[in-house]
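A short write-up of the structure that comes next.
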Amino acid sequence: MLDWVQDTIRRAHAEGWTRLDLGEAGLTAIPEEVWELEWLEVLVLGVGYYDHQNHRWAVSANILWPVGPQNTVAIIPEQIARLSRLRELYLAANKIVDVGPLVALTNLTSDGYTVHADKLVSCLADIHSQTPQLLEANDFATLKQAIDARLQSLRTP
């Protein structure tokens, strides 16, 4: 783990940050020290995040021009359940193989709507199961429709 990542986590701990940006840090795993930040509300591990103040998507503050070392996290450990206040989790461009541990994060939100973790896991599993066949057939229109339909189901109570 890079020194600046350790320093950032230490500062977050000492100062009680509710938002932690570890995007574009070249991480292959989520640092164990993150699980001690139980008050976190936003965790950025991907290439970007949604900037609610400016109403737009933004890149991680850690990006090096032209491209920083992307995170390639594959495993979301069960310890993520310790981050019970987490509302936003950004994982874009990682190599996540199992979203199951996210079920414990009942406060995750999306576009201002509460996302029930079981629906999120079901949605992601459904999209994952359909993606290889649709990509192989170059059926991008159907893939987009399938993704849109599943995401819309997350917004419906």
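The values are calculated or read from the model by the stated rules, or taken from the named source; none is laboratory data. On a predicted model such as this, the values are computed, not experimentally measured, just so you know. Ideal geometry is used to build each Cβ from the backbone, glycine not excepted, and the neighbour counts take in all protein chains shown.
Among the residues of this structure, residue 103 counts as one that is free of Cβ contacts under 8 Å to residues at least 24 places away in the same chain, among the hydrophobic types (A, V, I, L, M, F, W, C) and in contact with a helix residue (DSSP H, G or I) (Cβ under 6 Å, 6 or more places away or on another chain). Could you check segment 62-101 and list, in sequence order, the residues that are exposed (fewer than 13 other Cβ atoms within 10 Å of the Cβ), modelled with pLDDT of 85 or more and assigned to a loop (DSSP other than H, G, I, E, B)? 74, 95, listed by residue number. Kindly indicate whether residue 55 is farther than 19 Å from residue 78 by Cα and touching an Asp or Glu at 6+ places or on another chain (Cβ under 8 Å). For residue 55, the condition - farther than 19 Å from residue 78 by Cα and touching an Asp or Glu at 6+ places or on another chain (Cβ under 8 Å) - is not met. Taking first residues from segment 20-36 that are within 14 Å of residue 92 (Cα to Cα) and partners that are among the small types (Gly, Ala, Ser), the Cβ contacts under 6 Å between residues at least 6 apart in sequence or on separate chains come to 21/60; 21/61; 23/46; 23/60; 24/60; 24/68.
A Cβ distance below 8 Å, combined with a sequence gap of six or more or placement on separate chains, defines the contacts here; from segment 37-55, residues that are without any contact (Cβ under 8 Å) to a residue 24 or more places away in the chain reach residues that are surrounded by fewer than 21 Cβ atoms within 10 Å (Cβ to Cβ) in the pairs 51/57; 51/58. Checked against (1) within 16 Å of the chain's Cα centre (by Cα); (2) in a loop (DSSP other than H, G, I, E, B), residue 17 passes all but a single condition, namely (1). Criterion applied to 77, 69 was being farther than 21 Å from residue 108 by Cα and either in contact (Cβ under 8 Å) with a residue 40 or more places away in the chain or among the hydroxyl-bearing types (Ser, Thr, Tyr) (or both), and the one residue passing it is 69. Residues in segment 40-96 that are over 12 Å from the mean Cα position of the chain (by Cα) and either at positive phi or not assigned by TED's automatic domain parsing to the domain that holds residue 19 (or both): 55 only.
Within segment 110-125, does at least one residue satisfy the condition of being at pLDDT below 85, part of a loop (DSSP other than H, G, I, E, B) and of a type in the set (D, E, K, R)? Can you show your working first?
Of the residues in segment 110-125, the ones at pLDDT below 85 are 110-125.
Narrowing further to those that are part of a loop (DSSP other than H, G, I, E, B): 111-112, 115-116.
Applying the additional criterion that residues be of a type in the set (D, E, K, R) yields 111.
Checking segment 110-125: at least one residue is at pLDDT below 85, part of a loop (DSSP other than H, G, I, E, B) and of a type in the set (D, E, K, R).
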